[in-house]
Amino acid sequence: MADKLSNEVNGTMSARIERAIRQDIISGALAPGARLRVAELSNRYGVSHIPVREALRQLEGDRLVVIESHKGAVLRGVSRKFVSDMHDMRGALEALLVRNAATNATDEQIGELRRHALDYENAAAVGDPARMIEANLRFHRFIAAIADNPEAARIMDQGWELVISIRNRYGFGEKRVTAIIDQHRRLVDAIARHDPALAMAVAQEHCDSAKDDLLAQMERSGVR
């Protein structure tokens, strides 16, 4: 009984530490390529080594962390090719999800999706990057929920925190946020019209333009 309780506590703690590490990746507190030492993370989050090791194994499964024998864990590095590949993969999966969403969406779900899009607009209006990130994630994850393909949604999210961290580091081009708002609105309208072809076209435009903008921002900062 005591062993079972201990395992449950460690499992809950490792999930909390995993969420904390993900948030530190997004915020840039943990940079791509950084070595993730168990002892340092234990001190950082105020826990024992066990939940930290469990959290790192989970993050390895999600392609955020690389664990090498006798070397420990390293947060995956990010290159221009990584950014390009991640957007291309996400674009293909997003097209699948928005196609299904355009077929499945109820009036109630469309209304909620519009609210998520508006949340992003409101966050952008006051220039709150953290709120913009959260609103954008909720918008796309709600589309995935409407689409009802959890496997595709899970794969699409793998490693995406690294892309968000790079976006936070290099920022947006001058017209990118305005384009995001327009694309979100058109995507909601396409889903509301139950037009899978249009929804897929807008989703592809959304992913391609996001990729092009981030690569341009990286190039301006000397990342080649």
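List of remarks:
- Subset of region 185-224 that is of a type in the set (S, T, N, Q) and in contact (Cβ under 8 Å) with a residue 40 or more places away in the chain - its residue that is farthest from residue 173 (Cα to Cα): 204
- Residues in region 28-44 include none that are among the β-branched types (Val, Ile, Thr) and either crowded, with 17+ Cβ neighbours inside 10 Å or touching a residue at least 60 places away in the same chain (Cβ under 8 Å) (or both).
- Tabulated pairs, region 149-163, first touching a residue at least 12 places away in the same chain (Cβ under 8 Å) and closer than 13 Å to residue 91 by Cα, second charged (D, E, K, R) and buried (at least 16 other Cβ atoms within 10 Å of the Cβ), C-beta under 6 angstrom, 6+ apart or interchain: 156/90
- Residue in region 101-123 that is under 17 Å from the mean Cα position of the chain (by Cα) and closer than 17 Å to residue 168 by Cα present: yes
- Condition met for residue 158 (surrounded by fewer than 18 Cβ atoms within 10 Å (Cβ to Cβ) and over 27 Å from residue 172 (Cα atoms)): no
- The residues listed here are 55, 20, 31; of these, the one that is touching a helix residue (DSSP H, G or I) at 6+ places or on another chain (Cβ under 9 Å), small (Gly, Ala, Ser) and not in a helix (DSSP H, G or I) is 31.
Let's see how each residue does on (1) closer than 21 Å to residue 171 by Cα; (2) at pLDDT below 90:
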site	(1), (2)
13	no, no
16	no, no
31	yes, yes
39	no, no
46	no, no
57	no, no
61	no, yes
73	no, no
85	yes, no
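- Once region 134-148 is narrowed to residues that are without any contact (Cβ under 8 Å) to a residue 40 or more places away in the chain and open to solvent by less than 30 Å² (accessible area, probe 1.4 Å), the residue that is farthest from residue 64 (Cα to Cα) is 135.
- In region 78-89, the residues that are of a type in the set (Gly, Ala, Ser) form Cβ pairs under 7 Å with partners that are part of a helix (DSSP H, G or I), at six or more places apart or across chains, as follows: 84/211; 84/215.
- When region 105-129 is filtered for residues that are touching a residue at least 60 places away in the same chain (Cβ under 8 Å) and open to solvent by 50 Å² or more (accessible area, probe 1.4 Å), only 114 remains.
The values are calculated or read from the model by the stated rules, or taken from the named source; none is laboratory data. In this text, all values refer to a predicted model and were calculated from it rather than measured experimentally. Heads up, the Cβs are rebuilt from the backbone with ideal geometry, glycines too, and the neighbour counts pull from every protein chain shown. Ligands, DNA and RNA are stripped out before the accessible areas are found, and what is left, the full protein with its side chains, is counted by its heavy atoms. Shrake-Rupley method; radii C 1.70, N 1.55, O 1.52, S 1.80 Å.
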